[in-house]
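The values are calculated or read from the model by the stated rules, or taken from the named source; none is laboratory data. On a predicted model such as this, the values are computed, not experimentally measured, just so you know. Every residue, glycine among them, receives a Cβ derived from its backbone with ideal geometry; neighbour counts consider all protein chains shown.
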Amino acid sequence: MTATLLLLGANQAAADPGGTYGPIAKIPIAGASLTSYDISWVNYPSQTYYLADRSNNQIDRVDARTDTLLSPFGKGKFVGFRGKNSISGPNGILEIQSRHELWVGDGNSRVHVIDARSGQFLATISTAKCGTPGCNPRRSDELTYDPKDHLIVIANNEDDPAYLTFISTEDRTVKGHLNFPAATDGLEQPVWDSATHMIYQAVPETEANPGGEIDVIDPRTRTITHVFPIKNKNGSPLACNPHGLAIGPHSNMLVGCGSKTGVSAVIDIRDGKTVAVIHQVGGSDEVWYNPGDRNYYLAARDNPGGAVLGIIDADSNTWVQNVKTNPGSHSLAANRANGHIYVPMGPPRCVPGCIGVFARGE
């Protein structure tokens, strides 16, 4: 199905004074009120936007060329929202373009493989480490793809201890796990880097690093090779509690700090040293790098003063602008082809829910 684009009113996510980014449209989502959702993803070159929509127990899809709503995938086939995120789904999502496959984390420690062209469910894989009755498996959450080693790496962030599961994309079997017994607040986003061929895992908090750390993981040996505590440029600890990660240019990676202190950080993935601390935006969950315009984007739901779409120039590592979004807006993705940024929003900005579309003004 398709949906007519509705212009956002002046009282809905207006751009900050003097800014160049602002809302251009909203794409309505029919169904239950959009109060529980997780990761957004734009696949390029197909230019399809996906949202893990727990409220409606489906994957929402948008044609990112025309910003029109497509028929959802998997309606009713996930666990849906079960009262708390730790046992709900769908959660993390990404598309492997070369295989035309969506990989989606779900509740009950499951990962689904879906044909991105037809919506057919091709496989369901368990990441649960316990096989006994009454095991109470939690959710499979955020994930990344390692094309060199043909692996999906996904976090069971709510288990104790939290752990990663390594799944072959060739035969869809679990190759192993990696425990994080030092993590005292679960796990957040893992990302794979094409230059170092390593996995970078956001660990919001440990006893040794209460402000959080990035663990560097060799996907072939499933071992942690380095730990990068999040620091200020002078070497002092930074209250960051990393959530979203996005690898940008110059061997840099944006760390979306989940803490409410209102900061974000950029680190060098080669040695973990802090390149920049940005004080104008923070409290982020998902973050994104768009190589089309060389900007980082941040879904800063806990930014001091209210939720915003944060924009950072990835070449200079300087803040560009904050654009008001919606309370709780913690997910986003950008289309590198046309520069549109997609932010899911529920009430009060959108009833029952919508995908807000933002872009640079003329």
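Has the range 319-341 got any residue that is out of contact with any Pro (no Cβ under 9 Å at 6 or more places or on another chain), over 19 Å from Asp67 (Cβ atoms) and among the aliphatic types (A, V, I, L, M)?
Among the residues of the range 319-341, at least one is out of contact with any Pro (no Cβ under 9 Å at 6 or more places or on another chain), over 19 Å from Asp67 (Cβ atoms) and among the aliphatic types (A, V, I, L, M), which makes the answer yes.
Quick check on Ala299: is it out of contact with any Phe, Trp or Tyr (no Cβ under 6 Å at 6 or more places or on another chain), of a type in the set (Gly, Ala, Ser), part of a strand (DSSP E or B) and surrounded by fewer than 24 Cβ atoms within 10 Å (Cβ to Cβ)? So that I can check it myself, show each step before the final result.
Numbers: out of contact with any Phe, Trp or Tyr (no Cβ under 6 Å at 6 or more places or on another chain): yes; of a type in the set (Gly, Ala, Ser): yes; part of a strand (DSSP E or B): yes; surrounded by fewer than 24 Cβ atoms within 10 Å (Cβ to Cβ): no.
It is false that Ala299 is out of contact with any Phe, Trp or Tyr (no Cβ under 6 Å at 6 or more places or on another chain), of a type in the set (Gly, Ala, Ser), part of a strand (DSSP E or B) and surrounded by fewer than 24 Cβ atoms within 10 Å (Cβ to Cβ).
Every residue, every condition in (1) under 19 Å from the mean Cα position of the chain (by Cα); (2) crowded, with 18+ Cβ neighbours inside 10 Å; (3) modelled with pLDDT of 95 or more, yes or no:
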residue: Asp285; (1), (2), (3): yes, yes, yes
residue: Tyr289; (1), (2), (3): yes, yes, yes
residue: Gly305; (1), (2), (3): no, no, no
residue: Val308; (1), (2), (3): yes, yes, yes
residue: Ile311; (1), (2), (3): yes, yes, yes
residue: Asp315; (1), (2), (3): no, no, yes
residue: Thr325; (1), (2), (3): yes, yes, yes
residue: Ala334; (1), (2), (3): yes, yes, yes
residue: Ala337; (1), (2), (3): no, no, yes
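Report whether or not Phe180 is aromatic (Phe, Trp, Tyr), touching a Leu at 6+ places or on another chain (Cβ under 7 Å) and surrounded by 14 or more Cβ atoms within 10 Å (Cβ to Cβ).
When the stated conditions are applied, Phe180 passes them.
Go through the range 268-280 and count every residue that is under 20 Å from Val203 (Cα atoms) and free of Cβ contacts under 8 Å to residues at least 60 places away in the same chain.
Number of matching residues: 9.
When the range 331-362 is examined, which residues are found to be closer than 17 Å to Asn56 by Cβ and touching a His at 6+ places or on another chain (Cβ under 9 Å)?
Pro344
Does Ala239 count as in a loop (DSSP other than H, G, I, E, B) and either of a type in the set (Asp, Glu) or without any contact (Cβ under 8 Å) to a residue 40 or more places away in the chain (or both)?
Working: in a loop (DSSP other than H, G, I, E, B): yes; either of a type in the set (Asp, Glu) or without any contact (Cβ under 8 Å) to a residue 40 or more places away in the chain (or both): yes.
It is true that Ala239 is in a loop (DSSP other than H, G, I, E, B) and either of a type in the set (Asp, Glu) or without any contact (Cβ under 8 Å) to a residue 40 or more places away in the chain (or both).
Before we move on, is Asp171 in a loop (DSSP other than H, G, I, E, B), in contact (Cβ under 8 Å) with a residue 60 or more places away in the chain, more than 27 Å from Ser36 (Cβ to Cβ) and among the charged types (D, E, K, R)?
Judged against the criteria, Asp171 is not a match.
In the range 225-267, how many residues are of a type outside the set (Ser, Thr, Tyr) and surrounded by fewer than 17 Cβ atoms within 10 Å (Cβ to Cβ)?
So the count comes out to 11.
Taking only the range 138-176 into account, find how many residues are over 21 Å from the mean Cα position of the chain (by Cα) and farther than 16 Å from Gly107 by Cα.
Result for the range 138-176: 11.
Would you please name the residue that is farthest from His279 (Cα to Cα), looking only at residues in the range 201-236 that are of a type outside the set (Val, Ile, Thr), assigned to a strand (DSSP E or B) and more than 20 Å from the chain's Cα centre (by Cα)?
Within the range 201-236, the match that is farthest from His279 (Cα to Cα) is Asp218.
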